[in-house]
Amino acid sequence: MADIVTVTKRALQPLNSRRPWVDAGMIERTRGAAHLGAAVRLVGPRGEFLAWGLWSGEPRFPIRVISWEPDTTLDPSFFHAAAAAAVQRRVGLPLTPETDAVRLIFGEADGLPGLVADRYGEYAVLTREGRFLDPYLIAIASGLTESASLAGVLLRDDAGNRVLAGVAPPETLTIREGELRFEIDPHEGQKTGWFCDQRQNRLRVAAYAGGAEVLDVFCYTGGFSVAALRSGASSARLLDSSAAALALAQRNLTLNDCPEAATPERCDAMDRLRSLAKDGLSFDLVILDPPKLQPPHGKADRAEAAYLSLQGLAMKLVRPGGRLATFSCSGAMSRARFDGVVAKAAGARPCRVLERLAQPPDHPILLSHPKSEYLTGLIVELG
């Protein structure tokens, strides 16, 4: 039997607008044990039905909304169908370039809060925030396998990866983006092993790489550099702190017939940017794709300070008339705030926006959940 949670009057507007998170201050009273992953019937002050959710175990947002339909039963068959529906929503999407690496489930935007599933060929790899969906992961994996014809579904977990359906993927997989091929590590690589969200942005940044000397900061496994070199860049210097990521980057450079023009370098990116500037080096195109510099619920001013410092260091290495492709992957950094950071870092130097970049359509933005719009990018020309 589901717990019953009565919410405050101020919770009515966000819940009726389909906001998928319920914060602790919205809860008036609870009837039930509030166990992690238990079903919750959310009702208003007069007892009227609002939504179904699950206890998340997170103090700040203790309930994640799953359905606004009163006749919903949160059981394995519901979650099996939710996963299948997410796959169906990807059918026919105009993904550019064509690829076999696709996000099949994108958390709240697909009605499965905190859950991500990425397809790599015949396999899918899952990650999750929290464990409130754990009782339904087998059902979700079954829905993915049946609807996407997968050979296996792997759950990435700090306590040990496990197979949820079918068979485990091999140690490495080769995926394709248009004419490019990339080797990824689905078991130990960052996130699920690859950044599908930068797929179309790799293509757009590469369009500015003809004849360019490129600096790729936080290069991970070399996606941007490979795309740039295959689009005519004269050279690429790849910076990352991970030896494993750089080893895969080197293999990806070889896989795409462009290893000779590339120089992978293991280093602290911030320190290396300072030393390159001190040595008087500069580049035609600098790519800056850092990891999330601020947790989503952290203070925005700290995020802004971190991004500002990084942008300033990178801009010192861009030649007059050169381009900077810069990104933020934090939902706490709005597009307007990011624009302001880049403008402030440029200072008196002319800074012209050539393109605004964002996440692709297999990472849909849920308008009632602004943090689902997390990837912000700019290609700017510096005077």
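The values are calculated or read from the model by the stated rules, or taken from the named source; none is laboratory data. Here the structure is a predicted model, which is why all the values come from computation and not from measurement. Quick reminder, even Gly has a Cβ in these numbers, built from the backbone with ideal geometry, and neighbours come from all protein chains shown.
Observations, loosely collected:
- Within the range 87-131, the set of residues being within 17 Å of the chain's Cα centre (by Cα) and in a helix (DSSP H, G or I) comprises Arg90, Gly107, Glu108, Ala109, Asp110.
- When restricted to residues that are assigned to a loop (DSSP other than H, G, I, E, B) and without any contact (Cβ under 8 Å) to a residue 40 or more places away in the chain, the range 252-261 contains 5.
Residues checked against (1) surrounded by 20 or more Cβ atoms within 10 Å (Cβ to Cβ); (2) modelled with pLDDT under 95; (3) under 25 Å from Lys371 (Cα atoms); (4) within 27 Å of the chain's Cα centre (by Cα):
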{"residue": "Gly37", "(1), (2), (3), (4)": "no, no, yes, yes"}
{"residue": "Arg46", "(1), (2), (3), (4)": "no, no, no, no"}
{"residue": "Arg64", "(1), (2), (3), (4)": "yes, no, yes, yes"}
{"residue": "Glu69", "(1), (2), (3), (4)": "no, no, yes, no"}
{"residue": "Ala84", "(1), (2), (3), (4)": "no, no, yes, yes"}
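- Criterion violated by Asp268 - all others in (1) within 17 Å of Phe327 (Cβ to Cβ); (2) in the same structural domain as Gln359 (by TED's automatic domain parsing); (3) surrounded by fewer than 19 Cβ atoms within 10 Å (Cβ to Cβ) satisfied: (1)
- Hey, Ala165 surrounded by 15 or more Cβ atoms within 10 Å (Cβ to Cβ), outside any helix (DSSP H, G or I) and either at negative phi or of a type in the set (S, T, N, Q) (or both) or not: yes
- Filter result for Arg10 (more than 18 Å from Gly130 (Cβ to Cβ) and either modelled with pLDDT of 95 or more or over 24 Å from the mean Cα position of the chain (by Cα) (or both)): yes
- Residues of the range 1-25 satisfying the condition of being touching a Leu at 6+ places or on another chain (Cβ under 9 Å), over 14 Å from Glu58 (Cα atoms) and among the hydrophobic types (A, V, I, L, M, F, W, C): Ala2, Ile4, Val5, Val7, Ala11, Leu12, Leu15
- Sub-9 Å Cβ pairs linking a first residue in the range 133-159 that is without any contact (Cβ under 8 Å) to a residue 40 or more places away in the chain and under 28 Å from Ile63 (Cβ atoms) to a second residue that is outside any loop (DSSP other than H, G, I, E, B) and polar (S, T, N, Q), at least 6 apart or interchain, are Val153/Ser142; Val153/Thr145; Leu155/Thr127; Arg156/Thr127; Asp157/Thr127, ordered by first then second residue.
- All strands (runs of 3 or more DSSP E) inside the range 168-224 with 1 or more residues being assigned by TED's automatic domain parsing to the domain that holds Ala269 and touching a residue at least 40 places away in the same chain (Cβ under 8 Å): 213-217
- Subset of the range 329-363 that is within 19 Å of the chain's Cα centre (by Cα) and modelled with pLDDT of 95 or more - its residue that is surrounded by the fewest Cβ atoms within 10 Å (Cβ to Cβ): Arg356
- No other residue among Ala124, Ala139 is at pLDDT 95 or above, within 16 Å of Ala83 (Cα to Cα), in contact with a strand residue (DSSP E or B) (Cβ under 6 Å, 6 or more places away or on another chain) and of a type in the set (A, V, I, L, M) apart from Ala124.
- The set of residues in the range 225-251 being part of a helix (DSSP H, G or I), surrounded by 17 or more Cβ atoms within 10 Å (Cβ to Cβ) and small (Gly, Ala, Ser) consists of Ser225, Ala227, Ala228, Ala245, Ala249.
- Taken as a whole, the condition of being more than 26 Å from the chain's Cα centre (by Cα), polar (S, T, N, Q), closer than 12 Å to Asp216 by Cβ and surrounded by fewer than 21 Cβ atoms within 10 Å (Cβ to Cβ) does not apply to Thr254.
- Filter result (over 18 Å from Gly114 (Cβ atoms) and touching a Leu at 6+ places or on another chain (Cβ under 7 Å)) within the range 43-77: Val43, Gly44, Leu50
- Any hit, the range 239-248, residues being in contact with a Ser or Thr (Cβ under 6 Å, 6 or more places away or on another chain) and either closer than 24 Å to Ile379 by Cα or of a type outside the set (Asp, Glu) (or both): yes
- Against the conditions (1) in contact with a Leu (Cβ under 6 Å, 6 or more places away or on another chain); (2) of a type outside the set (Gly, Ala, Ser); (3) surrounded by 21 or more Cβ atoms within 10 Å (Cβ to Cβ), Arg199 satisfies every one except (1).
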